[in-house]
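Encoded as structure tokens, the structure appears first; notes follow it.
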Amino acid sequence: MASITPLIAGNWKMNGTSLALGEVRNLAAKLAESAPRCTVVICPPATLLERLSEIAAPAGIVTGGQDCHSAASGAHTGDVSAQMLVDAGAQYVIVGHSERRTNHGETDETVRAKSVAALSAGLIPIICVGETESERDAGKAEAVVLTQLQGSIPAEWPGHGIVIAYEPVWAIGTGRTPTSADIAQMHDTIRRDLESRFGERGAATAILYGGSMKPSNAAEILRISNVNGGLVGGASLLANDFHAIISAV
């Protein structure tokens, strides 16, 4: 069985101004008192990334972007390249989040191109996959997720590899979560697919759960088979809540 360092990543989404940096300072102080047993990542808005990285680094917190363009540079008004994220201090980047797939029409091909760009820049992409409520109700959840995995993951990875985040779309921001059995079944399915395609590298790839993870359910979810951490939304905005999830590892 491959040894995988747990990873807890906070996705701030379109939330946070300079005032939110105080929460990062509070989190850093808490982590200084008791070292985490996981990698801690915060993915803030791009406007905060450089400042947050400077605060986070001394505390052992790493940072990431919430998206990147597939091109290294060019006439792409409003977009951010992977190289720009690296320049601002990022080590990770989220790609293919369901909100990007839905609100911006991103396809598996788009996500794969962004993953390639991230890997080329030295970033670790957190590649998101997940089904909608109607797809789950129709019995298509596993088929949808496997299709997304096969279309979104680059065929070749450099040494630092990738992270997968399973996020049932219907559980994001709703307060609803799948049953432990549902999560285990999907994470086991993802692991089998990764191992069949990538061998030992697939066995050593972290699979995060994303979908209304909070202090009250983190410990239970983190004990589930092949759950190697979490992609946390709203609960990552507050130091106390995020620290409670980190402490559940």
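The values are calculated or read from the model by the stated rules, or taken from the named source; none is laboratory data. Model, not experiment: these values are computed from the prediction. As a convention, Cβ positions derive from the backbone with ideal geometry for all residues, glycine included, and neighbour counts pool all protein chains shown.
In table form, for the structure just shown:
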| item | result |
| --- | --- |
| Scan of the range 1-23 for residues that are aliphatic (A, V, I, L, M) and either part of a helix (DSSP H, G or I) or over 18 Å from Val93 (Cβ atoms) (or both), ordered by number | Met1, Ala2, Ile4, Leu19, Ala20, Leu21 |
| Selected residue (criterion: farthest from Leu231 (Cα to Cα)) from residues of the range 1-21 that are modelled with pLDDT of 95 or more and small (Gly, Ala, Ser) | Ser18 |
| Looking only at the range 179-205, and only at residues there that are outside any helix (DSSP H, G or I) and surrounded by fewer than 22 Cβ atoms within 10 Å (Cβ to Cβ), the one that is farthest from the chain's Cα centre (by Cα) | Gly199 |
| Members of the range 153-170 that are modelled with pLDDT under 95 and either over 16 Å from Gly96 (Cα atoms) or assigned to a strand (DSSP E or B) (or both) | Ala155, Glu156, Trp157, Pro158, Gly159, His160, Gly161 |
| Residue list for the range 68-101, filter: surrounded by 21 or more Cβ atoms within 10 Å (Cβ to Cβ) and in a loop (DSSP other than H, G, I, E, B) | Cys68, Ala90, Gly96, His97 |
| Odd one out for Ser34 among (1) surrounded by 18 or more Cβ atoms within 10 Å (Cβ to Cβ); (2) touching a Ser or Thr at 6+ places or on another chain (Cβ under 8 Å); (3) at negative phi; (4) not acidic (Asp, Glu) | (1) |
| Unique residue being over 30 Å from Met14 (Cβ atoms) and of a type in the set (Ser, Thr, Tyr) when the list is Thr189, Thr174 | Thr189 |
| Whichever residue in the range 186-205 is touching a residue at least 12 places away in the same chain (Cβ under 8 Å) and among the polar types (S, T, N, Q) and, among such residues, is nearest to Val232 (Cα to Cα) | Thr205 |
| Residue under evaluation Thr110, criteria (1) farther than 19 Å from Met14 by Cα; (2) surrounded by fewer than 18 Cβ atoms within 10 Å (Cβ to Cβ); (3) of a type in the set (S, T, N, Q), criterion not met | (2) |
| Hits in the range 22-39 - residues which are in contact with a helix residue (DSSP H, G or I) (Cβ under 6 Å, 6 or more places away or on another chain) and either under 20 Å from Pro125 (Cβ atoms) or of a type in the set (A, V, I, L, M) (or both) | Val24, Leu27, Ala28, Leu31 |
| Total residues in the range 22-75, condition of a type in the set (Ser, Thr, Tyr) and at pLDDT below 95 | 1 |
| Top-ranked residue of the range 206-234 - restricted to ones that are part of a helix (DSSP H, G or I) and free of Cβ contacts under 8 Å to residues at least 40 places away in the same chain, ranked as surrounded by the fewest Cβ atoms within 10 Å (Cβ to Cβ) | Ala219 |
| Extreme residue, surrounded by the most Cβ atoms within 10 Å (Cβ to Cβ), among residues of the range 1-25 that are under 27 Å from Ile164 (Cβ atoms) and β-branched (Val, Ile, Thr) | Ile8 |
| Filtered residues of the range 28-57 (kept if of a type outside the set (D, E, K, R), under 14 Å from Val86 (Cα atoms) and in a helix (DSSP H, G or I)) | Leu49, Leu52, Ser53, Ala57 |
| Counted residues, the range 132-151 - those being assigned to a loop (DSSP other than H, G, I, E, B) and either free of Cβ contacts under 8 Å to residues at least 24 places away in the same chain or on the phi > 0 side of the Ramachandran plot (or both) | 3 |
